[in-house]
Amino acid sequence: MDLNESDPYARCAVENRSWTADFLLLGFTNERDISVTLFTFFLLVYLLTLLGNITIILLTRTNASLRTPMYFFLNNFSFLEIGYTTVTVPRMLSDLSSGNMAISFNSCITQMYFFFLFGTTEFFILGLMGFDRYVAICRPLHYNNIMSSQFCFQLVIGSWISGCMVPVVPTIVLSQKPFCGSKTINHFFCDVGPLVKLSSSDTVFLDTFVLIISTVVVLSSLLLVIVSYALIITTIFQIASSSGRTKAFSTCTSHLSVVTIFFGTVIFIYVRPSSEVNHEMDKAVSVFYSVVTPALNPLIYSLRNKEVKNALVKVLHKKRHFMGHSEAIQSIKLNAYS
């Protein structure tokens, strides 16, 4: 008798290695009316995310006043936000519109890997942005020497490489796990937690590893932010004038707002034991940090950042001036022909 016929787990392993196994994402609801409403909402939020973050990228690359380390990090962060949402939202929109919630094993593992690649890199970039604010406020005379273009580039490259490496072990281990029985994922995308719970083999090592690596990534970047802001606050309180203190702290408010929202929601999801998982609550929080927050971040940076607002006003003014100039030329041409 064939081994695969007598051993169901071996049969599952063979099926997984063939990359033909399908999972079923439960998503949010089976009600058609609710699905249409959710589709409309998520589509609008996704388009707002793309528009806002592409605007930030274009502003930081084309405006001379924004060619500083702070906006170099922000440029990368906006690119990560686009990738972060594109990994999950288009697939979710397709599921909501078609009602077909099946996803192949290959696609599921790939989605999980890139979701954590972009998410992990975002943590490191947010930590670097906090460090940048520390140097700018606490060591202003040495800022240009410390935050040189080469050093900033090396920091960003290091963040991207680390982001690529962190999900490698969970991805490889999960891709080799057998998935027998139910393949229903109680989520709207392939997250590592639900996938680990579906595995038919022992997952203690993987559960522990994911918890440890998530804790290290989140808390190490958070610690860098906390230490940076502790030193920033100490320095700000030493500034004599209240206007000087306000001006110094105003350069940090946008970053601090994003850090609070992003770290708070992700810590709730990943830095906790798997025994405390509440799937419905997790889906709601996941929507906030993976869909809504990336749309809010460009608004936070544009509304609370004077330099970004000024750059945006200049672009709009130039566009209006160019359009008015074009209309004047067109009017002159029409008059000449008449």
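The values are calculated or read from the model by the stated rules, or taken from the named source; none is laboratory data. These numbers were taken from a predicted model, which means no experiment stands behind them. Neighbour counts run over all protein chains shown; Cβ positions are idealised from the backbone, glycine included. Just the protein is used for accessible areas: all its heavy atoms, side chains included, with ligands, DNA and RNA removed. Shrake-Rupley method; radii C 1.70, N 1.55, O 1.52, S 1.80 Å.
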For a quick check of your reading of the model, give me the residue pairs whose first member lies in the stretch 169-189 and is farther than 18 Å from Asp207 by Cα, whose second is open to solvent by 30 Å² or more (accessible area, probe 1.4 Å) and of a type in the set (Phe, Trp, Tyr), with beta-carbon atoms closer than 8 Å and at least 6 apart or on different chains. Cys180/Tyr9; Phe188/Phe28
Being modelled with pLDDT under 90 and either touching a His at 6+ places or on another chain (Cβ under 8 Å) or not in a helix (DSSP H, G or I) (or both) is the filter; apply it to the stretch 87-101 and report the residue that is surrounded by the most Cβ atoms within 10 Å (Cβ to Cβ). Met101
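Could we say that Ser228 is crowded, with 20+ Cβ neighbours inside 10 Å and at pLDDT 80 or above here?
It is true that Ser228 is crowded, with 20+ Cβ neighbours inside 10 Å and at pLDDT 80 or above.
Residue-by-condition table, conditions (1) open to solvent by 20 Å² or more (accessible area, probe 1.4 Å); (2) outside any helix (DSSP H, G or I); (3) in contact (Cβ under 8 Å) with a residue 40 or more places away in the chain; (4) acidic (Asp, Glu):
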site	(1), (2), (3), (4)
Asn53	no, no, yes, no
Phe79	yes, no, no, no
Thr85	no, no, yes, no
Phe115	no, no, yes, no
Phe124	yes, no, yes, no
Ile157	yes, no, no, no
Under 6 Å between Cβ atoms, at least 6 apart or on separate chains: pull out the pairs that start in the stretch 140-153 with a residue that is closer than 18 Å to Ile125 by Cβ and at pLDDT 90 or above and end on any residue that is in a helix (DSSP H, G or I) and of a type in the set (Phe, Trp, Tyr). Cys152/Phe72
Take Val14 and decide whether it is at pLDDT below 85, assigned to a helix (DSSP H, G or I) and among the β-branched types (Val, Ile, Thr). yes
Given (1) touching a residue at least 40 places away in the same chain (Cβ under 8 Å); (2) surrounded by fewer than 18 Cβ atoms within 10 Å (Cβ to Cβ), number of the condition Pro194 does not satisfy: (2)
Being closer than 25 Å to Leu223 by Cα and either surrounded by fewer than 18 Cβ atoms within 10 Å (Cβ to Cβ) or charged (D, E, K, R) (or both) narrows it down to one of Met129, Met165, so name that one. Met165
Quick one: in the stretch 242-255, which of the residues that are at pLDDT 75 or above and buried (at least 18 other Cβ atoms within 10 Å of the Cβ) is farthest from Leu299 (Cα to Cα)? Cys252
Tell me, yes or no, whether the stretch 102-113 has at least one residue that is touching a Phe, Trp or Tyr at 6+ places or on another chain (Cβ under 6 Å), part of a loop (DSSP other than H, G, I, E, B) and open to solvent by less than 30 Å² (accessible area, probe 1.4 Å). no
